[in-house]
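Okay, so here's the structure we're looking at.
The values are calculated or read from the model by the stated rules, or taken from the named source; none is laboratory data. Computed from a predicted model, the values in this text were never measured in an experiment. Cβ atoms come from the backbone with ideal geometry, glycine included; neighbour counts cover every protein chain shown. All accessible areas refer to the heavy atoms of the entire protein, side chains included, with ligands and DNA or RNA removed. Shrake-Rupley method; radii C 1.70, N 1.55, O 1.52, S 1.80 Å.
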Amino acid sequence: SLLVRPDQAEKVKANLMMRGELSIIDHISVSANVKKDRFEAEIENIGLKHVPVPDSFVQRYPRLLGSGIWAKIKLSYDPESDDEKVFVVDITPIQLPRVDLDEFIEARKHFSKDEWMALLLRSLGIEPYSEGMNKRRWLLYLLRVVPLVENNFNLVELGPRATGKSFVYREISPYAVLVSGGKTTVASLFYNMSRRTMGLVGYYDTVAFDEVGGLKLKDSYAVQIFKDYMESGGFSRGTDEKRADASIVFNGNINHSIDYLLKTSHLFAPFPQIMQDTALLDRIHAYLPGWEMPKFSAEHFTRHLGLANDYLAVVLHELRRFSYTNVPDRYFEYGSHLKFRDEKAVNKIVSGLIKLIYPDESYTKDDIRELVEFAMEMRLRVKWQLKIMGGLEYFDTDFSYKDKETGEETFIYLPELGSSGVIKPLPLSPGEVYTVASDENGQNTLIKVSVRTVDGSYSIKGAIPSHAKRLIEEAMVSIKSNPQRFLPHTADIKSMQIHFTFDRLSGGEPVEGFTLASLLAFLSYVHGRSLKPGLVVFGDVSMTGQIKEVPSLLEKVKYAIEMGAKNIILPISQAPGVMSQLTEGELEVASYEFASSVKNAFEKAITG
């Protein structure tokens, strides 16, 4: 039997005409033609309609009358017939002809969350308890399945080879098609105007592109059609407006380390140049970090039982009829940096994962919180890369959500930024601030200054060099001599032991340029106020509280930007010189404030 693809339809029909009989594998659905008093089939990929079907098959496989089934179909061709010339002779389903979705949903009630997720993973052939697996990777594996259960969901996964990126779309479901790298056309993907037939998006639930780096779009307007389709599921071909529900998946390989790409380029670099269009990439709902996925080996394939593939495929297809995009709104409110596309993306990810993990809707608020945080990270990865690529409209990357009941706000960050030593784009906890100082060789050193206080006689403590304690003590004179100007009325600096910690994120031990950061960290802690996301301040403070000029400030600012600074405070006396020498891109990636004194800098450093 021949598995028919839409682009092979004419060749297959020609073979049928020449041979008179042919067996194919295709998707078949049946409707009742009351005028002719018979049942007629539509055989999708081969493009045949109104094909007479014996009543016995409809009685045997009632699912034919619904959304149809995948089957081995035996066709005959009769050139002498006065009516239809093609007839269905035999139908042998290759997937279950009927599935009771209510039974599937009811079965979920008999499993814990972990047991159910493990069952799903084993149904995909993956052993959830093999070495290197954890609950985060469970979610990442299930994210690969979301395009099969969520309509018009756009996913990208780029990572090392041999991690199983395309496995789900090649092996698990006949409702998915995997398009290998190479030339592809609008006609084959979307709509063939000459034949007036839908392309792959009209026949499959998911169209996945393997090796996206090798994808060549033959038509110059293909990117625009991708944009239209990935935005709304609709597109125009000539005067025709078409719609489809297929999800789009882009898979590809990353040939460099993530640290290298973060420092030198962006995480969409493997895409063909024509597709590195920020408006197109903004339509992607989730970026799955493929570099976190283990390379497949024998131990990662399960030996335990799971759901049968044909059963699971039908269930996933049927789950597309439901939507849970409104669930997060019951419990949480998204932060102001999430625009319409961001909220839509997060809600679609959550909806897809609810269908997979909680099809019986037996979730709790904390369950949805976990999915919201995961979904926001997957969307934030897209937004962050668009920001790196230079789109001014993509600079709102402080993703957060508020608990509607408690009002508590939670910010989301990308693990790869923290793991590579880059400044995290989060509001700093009270008592923390970044600075770029100088080490003994005059080289830049990025440190995070942290402060805590305990009761006791005034003193400077902490695991910091003795010269650093001395310089901080000198700078603290400006606060000690006029505490009512700096401190809340409940704070008594004379009865504080102030503990400082320097976390070196790069470079050597700082010898100068850290006292402004130290004083701001102290004020942040005693006031209980968070400082702005990714805040970096520079320089030392005189005993009168004035900010001293910073040697090689331009170099330090550029270094801070490279390390991920989002907010920067500069000495006001040096601001004109520095700002005039920064590039347009450097001016766009961070917000700049200017200060002359400690008090002035603290007022500009706090959030809200």
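Per-structure values
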item	result
Residue check for Ile24: in contact with a Leu (Cβ under 7 Å, 6 or more places away or on another chain), open to solvent by less than 10 Å² (accessible area, probe 1.4 Å) and either without any contact (Cβ under 8 Å) to a residue 40 or more places away in the chain or closer than 30 Å to Met193 by Cβ (or both)	yes
Test result for Val314, modelled with pLDDT of 95 or more and β-branched (Val, Ile, Thr)	no
Any hit, region 166-175, residues being over 21 Å from Arg321 (Cβ atoms) and small (Gly, Ala, Ser)	yes
Scan of region 411-428 for residues that are open to solvent by 50 Å² or more (accessible area, probe 1.4 Å) and at pLDDT 80 or above, ordered by number	Phe411
Hits in region 301-330 (condition: more than 23 Å from the chain's Cα centre (by Cα), open to solvent by less than 60 Å² (accessible area, probe 1.4 Å) and either under 29 Å from Lys404 (Cβ atoms) or charged (D, E, K, R) (or both))	Asp310, Glu318
Every residue from region 104-140 that is in contact (Cβ under 8 Å) with a residue 40 or more places away in the chain, within 22 Å of the chain's Cα centre (by Cα) and open to solvent by 20 Å² or more (accessible area, probe 1.4 Å)	Gly132, Met133, Arg136, Arg137
Some residue of region 92-103 being over 25 Å from Thr197 (Cα atoms), open to solvent by less than 40 Å² (accessible area, probe 1.4 Å), aliphatic (A, V, I, L, M) and not in a strand (DSSP E or B)	yes
Residue within region 338-357 that is at pLDDT 95 or above and part of a loop (DSSP other than H, G, I, E, B) present	no
Test set (1) under 33 Å from the mean Cα position of the chain (by Cα); (2) open to solvent by 50 Å² or more (accessible area, probe 1.4 Å) - Asp55 fails condition number	(1)
Some residue of region 364-385 being open to solvent by 10 Å² or more (accessible area, probe 1.4 Å), at pLDDT below 90, within 30 Å of Met563 (Cα to Cα) and not hydrophobic (A, V, I, L, M, F, W, C)	no
Checking Glu549 against (1) open to solvent by 40 Å² or more (accessible area, probe 1.4 Å); (2) over 22 Å from Asn441 (Cβ atoms), the condition it does not meet	(2)
Region 352-377 residues that are over 15 Å from Ala286 (Cβ atoms), paired with ones that are open to solvent by 50 Å² or more (accessible area, probe 1.4 Å) and not hydrophobic (A, V, I, L, M, F, W, C) (beta carbon under 6 Å, 6 or more apart)	Asp360/Lys109; Lys365/Tyr331; Ile368/Tyr331
Selection from region 210-228 of residues that are of a type in the set (Asp, Glu), under 13 Å from Phe190 (Cβ atoms) and open to solvent by less than 50 Å² (accessible area, probe 1.4 Å)	Asp219
Flag for Phe594 being part of a helix (DSSP H, G or I), under 15 Å from Lys532 (Cβ atoms) and in contact with a helix residue (DSSP H, G or I) (Cβ under 9 Å, 6 or more places away or on another chain)	no
Test: Met563 is surrounded by fewer than 15 Cβ atoms within 10 Å (Cβ to Cβ) and among the hydrophobic types (A, V, I, L, M, F, W, C)	no
Number of positions in region 542-582 that are more than 35 Å from the chain's Cα centre (by Cα), of a type in the set (Gly, Ala, Ser) and not in a loop (DSSP other than H, G, I, E, B)	2
Set Glu157, Glu231: member being surrounded by fewer than 18 Cβ atoms within 10 Å (Cβ to Cβ) and either in a strand (DSSP E or B) or in contact (Cβ under 8 Å) with a residue 12 or more places away in the chain (or both)	Glu231
Residues that are touching a helix residue (DSSP H, G or I) at 6+ places or on another chain (Cβ under 7 Å) and touching a residue at least 60 places away in the same chain (Cβ under 8 Å), drawn from region 563-575	Gly564
Per-region count, region 291-300, residues open to solvent by 40 Å² or more (accessible area, probe 1.4 Å) and at pLDDT below 90	5
Complete set of residues in region 519-541 that are over 17 Å from Asn444 (Cα atoms), open to solvent by less than 10 Å² (accessible area, probe 1.4 Å) and not in a strand (DSSP E or B)	Leu519, Leu520, Ala521, Phe522, Leu523, Ser524, Gly534
Residue, most open to solvent (accessible area, probe 1.4 Å), within region 160-182, restricted to residues that are in contact with a Lys or Arg (Cβ under 9 Å, 6 or more places away or on another chain) and either modelled with pLDDT of 95 or more or not in a loop (DSSP other than H, G, I, E, B) (or both)	Phe167
Subset of region 459-487 that is among the β-branched types (Val, Ile, Thr) and in a helix (DSSP H, G or I) - its residue that is surrounded by the fewest Cβ atoms within 10 Å (Cβ to Cβ)	Val477
Looking only at region 491-514, and only at residues there that are modelled with pLDDT of 90 or more and closer than 13 Å to Glu432 by Cα, the one that is surrounded by the most Cβ atoms within 10 Å (Cβ to Cβ)	Phe514
Residue in region 183-206 that is modelled with the lowest pLDDT, counting only those that are more than 27 Å from Ile258 (Cβ to Cβ) and part of a strand (DSSP E or B)	Lys183
Near pairs, Cβ below 6 angstrom, 6+ apart or cross-chain, from region 47-64 (more than 12 Å from Ser31 (Cβ to Cβ)) to any residue that is open to solvent by 80 Å² or more (accessible area, probe 1.4 Å) and not in a helix (DSSP H, G or I)	Arg63/Arg98
Only listed residue being modelled with pLDDT of 90 or more and in contact with a helix residue (DSSP H, G or I) (Cβ under 7 Å, 6 or more places away or on another chain), chosen from Leu64, Leu48, Leu96, Leu120	Leu120
Residue that is surrounded by the fewest Cβ atoms within 10 Å (Cβ to Cβ), among those in region 245-290 that are in contact with a Gly (Cβ under 8 Å, 6 or more places away or on another chain) and in a helix (DSSP H, G or I)	Thr278
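Residues checked against (1) on the phi > 0 side of the Ramachandran plot; (2) of a type in the set (Phe, Trp, Tyr); (3) out of contact with any helix residue (DSSP H, G or I) (no Cβ under 9 Å at 6 or more places or on another chain):
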{"site": "Phe514", "(1), (2), (3)": "no, yes, no"}
{"site": "Leu523", "(1), (2), (3)": "no, no, no"}
{"site": "Pro533", "(1), (2), (3)": "no, no, yes"}
{"site": "Val536", "(1), (2), (3)": "no, no, no"}
{"site": "Lys558", "(1), (2), (3)": "no, no, no"}
{"site": "Gly577", "(1), (2), (3)": "no, no, no"}
{"site": "Val589", "(1), (2), (3)": "no, no, no"}
{"site": "Val598", "(1), (2), (3)": "no, no, no"}
